[in-house]
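First comes the structure, then the notes that go with it.
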Amino acid sequence: MPPQNNIYSSPLSSRYASDEMQYLFSPQKKFSTWRRLWLSLAKAEQELGLEITDGQLAEMQAHLDDIDFTRAAEHERRLRHDVMAHIHTFAEAAPAAARIIHLGATSCYVGDNTDIIIMREGLQLIRERLCAVIAALCGFAEEYKALPTLGFTHFQPAQPVTVGKRASLWINELLLDLDELNFRIGSLKMLGCKGTTGTQASFVELFSGDSEKIKALDSKIAADFGFDESVPVSGQTYSRKTDFFVLATLSGIAQSCAKFGGDLRLLSHLKEIEEPFEEKQVGSSAMPYKRNPMRSERICSLARYVISAADNPAQTAANQWFERTLDDSANKRIAVPESFLAVDAILSIYLNVASGLKVYPKIIEKHLADELPFMASENILMKAVSKGGDRQKLHEKIRLHSLESGRVVKVEGKPNDLIARIVADSEFGLTEREILAELDPSKFTGRAAEQTTELVAIAREKIAGYLSDSAPAELKV
């Protein structure tokens, strides 16, 4: 048996998440970012007057990505410290710079700043995925904006809406998530160089107490990585509430996706709208006729994990002691990357589903026809009154007819016969044609089509500029 089949592999990597998102949380990305942070620190220290040569910087620059992971592992087994292991590995690759690598810094300088950098890049990738889903839903909503469908409250028949209007609800929730994403991306700050307890004492020593140079050091490093600023104060780490805020944002996206997935599972049961179903796809090993909404179920399943994972950084933030403890480390190594990978997977599946939704207008029409006579009772009543009927008397009669028709449908399993009952009741004085004229579904959908068009315009304006030139090469569905 091949060795890879003898060890656990996360399904998020082997089945679901994209290569792009997996790379962001890979060892290569992490440790090459550490090296870039060490180089940025050394450059800033040189600019601010410390004795660091151009040759040292050039040697560091030449070895940012060629990481000897075997050698780093050897150092870590000996030192029992991952940052020290990689300092030694980098120093061996750039020996001229060995004495100035990590000068004045603590482990969290590379660890925490890298986490912030990667989370921001992850959120930017999530934003791209989210906007692609919104774009797909906009096309669907616009196409079906005027197709009446039975609306539901409490999953009980309610006033008709349109298929496009229902899709606009999905879009609107994703737009709320997009606003939150933009805020979160814009509000992230680097830790900067704060030292072992956040006092920058080591840099006070290096710069002979020059506070302006120390503040400039923070600013230069933040600017080097595209951040406006670093946090104003910290302990050894950035506040772990930041991790909670980020995972809460991901949880919000997961909630919206699960709402869509749940709706589509119900619509699939109703046979009104289905997710894509491939020619060779098998719905069930035992029941060949099945067309299970497995993609939507997968969205809901992964979303449940992301929503629950947001509790991890909340508990971690609440349990940090004074300037720092280390009980955050093992937890966030799991909770943060896996939440990103799961949301990446969810949005890839969502895009696949939203791009290939199958609508069945005849079934939708049938379900409407079954319920519309009840919903049109007020219109029928007004029509009868306009022809001379007594409003109070007819109201009671139509109430009784409706109850009896409901009994026929539920108890006898027969079609809704309310219209036939009203036609047969001479006190209404209405013909079947007159009654059927009141049953045009478009009369009951209000501004649904207009609302959909208006929201689609808002959505397309909001996502402009965030869509990539091409969708992911392979959607893992």
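Things worth noting here:
- Residue ID - nearest to the chain's Cα centre (by Cα), chosen from residues in region 315-333 that are in a helix (DSSP H, G or I) and either surrounded by 14 or more Cβ atoms within 10 Å (Cβ to Cβ) or in contact (Cβ under 8 Å) with a residue 24 or more places away in the chain (or both): Lys332
- Failed item, numbered, when Glu92 is tested on (1) in a helix (DSSP H, G or I); (2) touching a residue at least 24 places away in the same chain (Cβ under 8 Å); (3) under 29 Å from Asp228 (Cα atoms): (3)
- Long-range neighbours under 7 Å by Cβ, at least six apart or interchain, first residue within 15 Å of Arg291 (Cβ to Cβ) within region 351-362, second among the basic types (Lys, Arg) and in a loop (DSSP other than H, G, I, E, B): Tyr360/Lys271
- Among the residues making up region 47-71, those that are surrounded by 13 or more Cβ atoms within 10 Å (Cβ to Cβ) and in contact with a Pro (Cβ under 9 Å, 6 or more places away or on another chain) are Glu59, Ile67.
- Filter result for the condition that a residue is buried (at least 19 other Cβ atoms within 10 Å of the Cβ), out of contact with any Ser or Thr (no Cβ under 9 Å at 6 or more places or on another chain) and not basic (Lys, Arg), over Ala369, Ala424, Ala354: Ala354
- Condition broken by Leu79, with the remaining ones in (1) surrounded by 15 or more Cβ atoms within 10 Å (Cβ to Cβ); (2) within 24 Å of Ser26 (Cβ to Cβ); (3) over 39 Å from the mean Cα position of the chain (by Cα) satisfied: (1)
- Test: Asp66 is of a type in the set (D, E, K, R), within 29 Å of Leu341 (Cβ to Cβ) and either at pLDDT 95 or above or under 24 Å from the mean Cα position of the chain (by Cα) (or both): yes
- Test result for Gly235, touching a Gly at 6+ places or on another chain (Cβ under 7 Å) and either among the β-branched types (Val, Ile, Thr) or in a loop (DSSP other than H, G, I, E, B) (or both): yes
- Failed criterion for Trp38 (all others in (1) of a type outside the set (A, V, I, L, M); (2) in a helix (DSSP H, G or I); (3) in contact (Cβ under 8 Å) with a residue 12 or more places away in the chain; (4) surrounded by fewer than 18 Cβ atoms within 10 Å (Cβ to Cβ) hold): (4)
Okay, residues lined up against (1) surrounded by fewer than 20 Cβ atoms within 10 Å (Cβ to Cβ); (2) free of Cβ contacts under 8 Å to residues at least 40 places away in the same chain; (3) more than 20 Å from the chain's Cα centre (by Cα):
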position	(1), (2), (3)
Glu128	yes, no, no
Ala132	no, no, no
Gly139	yes, yes, no
Glu143	yes, yes, yes
Pro148	no, no, yes
Phe155	yes, no, yes
Gly164	no, no, yes
Ala167	no, no, no
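- Every test in (1) surrounded by 11 or more Cβ atoms within 10 Å (Cβ to Cβ); (2) modelled with pLDDT of 85 or more; (3) hydrophobic (A, V, I, L, M, F, W, C); (4) within 47 Å of the chain's Cα centre (by Cα) is passed by Leu436 save one, and that test is (2).
- For region 30-63, the candidate set comprises residues that are among the β-branched types (Val, Ile, Thr) and more than 39 Å from the chain's Cα centre (by Cα); within that set, the residue that is nearest to Cys193 (Cα to Cα) is Ile52.
- Screening Asp112 with (1) touching a Ser or Thr at 6+ places or on another chain (Cβ under 9 Å); (2) surrounded by fewer than 20 Cβ atoms within 10 Å (Cβ to Cβ); (3) in the same structural domain as Leu341 (by TED's automatic domain parsing) gives one miss only, at (2).
- Residue in region 98-114 that is part of a helix (DSSP H, G or I), charged (D, E, K, R) and within 15 Å of the chain's Cα centre (by Cα) present: no
- Those residues of region 361-418 which are modelled with pLDDT under 90, within 43 Å of the chain's Cα centre (by Cα) and acidic (Asp, Glu), in sequence order: Asp370, Glu371, Glu378
- Residue list for region 216-238, filter: surrounded by fewer than 16 Cβ atoms within 10 Å (Cβ to Cβ), under 30 Å from the mean Cα position of the chain (by Cα) and of a type in the set (Gly, Ala, Ser): Ala223, Gly226
The values are calculated or read from the model by the stated rules, or taken from the named source; none is laboratory data. Keep in mind it's a predicted model, so treat the numbers as computed, not measured. Methodologically, a virtual Cβ is constructed for each residue, glycine included, from the backbone with ideal geometry; neighbour enumeration extends over all protein chains shown.
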